[in-house]
Amino acid sequence: MDQNTTDKVRPGDKRKLVDRFGREIKYVRLSVTDRCDLRCVYCMSEDMQFVPRSQLLTLEELHRVGRAFVELGVNKIRITGGEPLTRNNILHLFHSLGSLDGLDDFTLTTNGTLLARYARDLKAAGVSRINISLDTLQPERFRNITRTGTLQRTLQGIDAALETGFQRIKINSVILKHRNHDEIADLVEFCVRRGMDISFIEEMPLGVISEHDRAEAYYSSDQILVDLQQRFTLLPTTESTGGPSRYYRMEESETRVGFISPHSHNFCDSCNRVRLTAEGRLLLCLGQEHSMDLRRVLRANPLDDAPLRQAIIQAMDLKPKGHDFDLTSQPVLFRHMNATGG
Ligand code: SAM
Ligand code: SF4
């Protein structure tokens with residue numbers, strides 16, 4: 001961190017977070033755990049080493065970080081992980097962040113396995129939207145892709161979120177060649193029938209996963225679009241939910257079909273977000289290692305958030321221009337997606 005800066009921030013100051021390339025940061029993703037009840041093949045290796053619990057930020061520290069970002073002009077927070085709903089007492093954090101003044105969009109990404117239990121409480125806590133990951137509608141494939149999961153539990157979670165009245169629920173699907181690429185249209189139809197949106201995600205090379213060949217499994221957004229156009233009429237839109245998806249609208253349906261395409265359509269120019277890992281490392285880019293250790297700042301200043309806000313402002317200078325993903329060559333980033341906060 002640059003010690004010579006004189007840029008002091010006082011409580012209540014409304015500041016803009018702007019990086020060196022003029023991009024304003026309005027969106028932070030907080031990973032509340034790197035642990036998960038599933039082991040998706042593209043996300044984790046089978047024998048993951050998780051961060052010792054003592055090194056995770058406490059729920060109170062996570063709240064302090066969220067509040068500091070909102071005081072600095074961020075208006076969107078997404079809670080993610082690992083699987084956020086597996087963290088003990090996580091509802092406390094949802095309640096405390098959900099009541100922050102200035103937070104317009106409070107969202108969650110989950111695999112859905114625990115939504116049947118938590119959907120109502122999440123709504124009561126102020127969660128505005130939920131993304132649920134679902135890559136296949138076939139039980140056996142679900143088990144193979146997640147290594148441990150049961151499709152029925154995620155489907156029950158989706159039903160619970162719908163029954164609770166969440167609007168604009170979005171399904172996230174990572175499409176892998178020869179594993180689920182033939183289900184693209186079925187997944188869209190599943191969403192259309194339920195009035196949900198869907199985003200297709202290109203797999204990113206985060207973490208070494210020996211038993212899964214990423215280059216071989218690559219299935220581009222452009223190919224997905226071509227496949228879908230065989231069955232549906234898709235109309236391009238300029239709509240955005242503040243994230244990296246490019247959206248199309250389905251004819252005669254409310255459903256939006258999004259594409260998150262880090263390989264084929266780099267989204268770095270309009271990047272408005274940063275991520276906090278569960279140990280409190282602020283990552284300035286999903287695909288690069290530029291980061292700042294906020295846990296050290298939090299623990300050195302337990303009663304004063306001014307140094308925390310200062311550190312966040314300084315971290316903006318570390319945000320790189322963009323990622324540089326390449327599925328075919330080494331080195332890949334050693335950090336897995338569950339440790340990154342997807
Ligand atoms: N456990 C929750 C879930 O699965 O929704 C939240 C965390 S998960 C890391 C967030 C999103 O990242 C999921 O939609 C998942 O499919 C996606 N993801 C995980 N690993 C990925 C990878 N290597 N490339 C692209 N997307 C990935
Ligand atoms: Fe868990 Fe989500 Fe990663 Fe799957 S994608 S292993 S559900 S963190």
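Coordinate-derived values only; no laboratory data. These numbers were taken from a predicted model, which means no experiment stands behind them. Note: ideal-geometry Cβ built from the backbone for every residue, glycine included; neighbour counts use all protein chains shown.
Ranked from largest, the principal axis spans of the Cα set of the chain equal 58, 45, 41 Å. Computed from backbone phi with θ = phi - 60° and the Karplus coefficients 6.51, -1.76 and 1.60, the 3J(HN,Hα) list for region 274-286 is 9, 10, 10, 6, 5, 8, x, 8, 7, 8, 8, 8, 4 Hz; x is used for glycine and proline.
The phi-based Karplus calculation (6.51 cos²θ - 1.76 cosθ + 1.60; θ = phi - 60°) puts the 3J(HN,Hα) values of region 28-43 at 10, 10, 9, 8, 9, 6, 9, 7, 7, 8, 10, 9, 3, 4, 7, 9 Hz, whole numbers, x for Gly and Pro. Going by neighbour counts of Cβ atoms within 10 Å, the residues C43, C271 line up, fewest first, as C271, C43.
What you get for the chain, charging only the Cβ of Lys and Arg (+1) and of Asp and Glu (-1), is a dipole of about 960 debye around the Cα centre.
Express the Stokes-Einstein translational diffusion coefficient of region 52-98 in µm² s⁻¹, to the nearest whole number, given a Kirkwood radius over alpha-carbon pairs, 4 °C and a viscosity of 1.567 mPa s. D = 113 µm²/s.
Kindly state, to the nearest 0.05, the FRET efficiency for V18 paired with S54, given R0 = 35 Å and r defined as their beta-carbon distance. Can you show the working numbers first?
Values: r = 35 Å, r/R0 = 1.00.
Rounded to the nearest 0.05, the efficiency is 0.50.
Amide H to amide H, with H built 1.01 Å from N, N131 comes under 5 Å of L108, T109, T110, K170, counting only residues 5 or more places away or on other chains. By the count of neighbouring beta-carbon atoms within 10 Å, fewest first, S45, S221 end up ordered S45, S221.
Put in line by how crowded their Cβ is, counting other Cβ atoms within 10 Å and starting with the fewest, V65, V41, V51 read V51, V41, V65.
The Cα atoms of region 152-193 cover 35, 20, 14 Å along the three principal axes, with the biggest extent listed first.
Peptides 295-306, 182-193 ranked from most to least packed, by the mean per-residue count of other Cβ atoms within 10 Å: 182-193, 295-306. Peptides 249-255, 196-202 ranked from most to least packed, by the mean per-residue count of other Cβ atoms within 10 Å: 196-202, 249-255.
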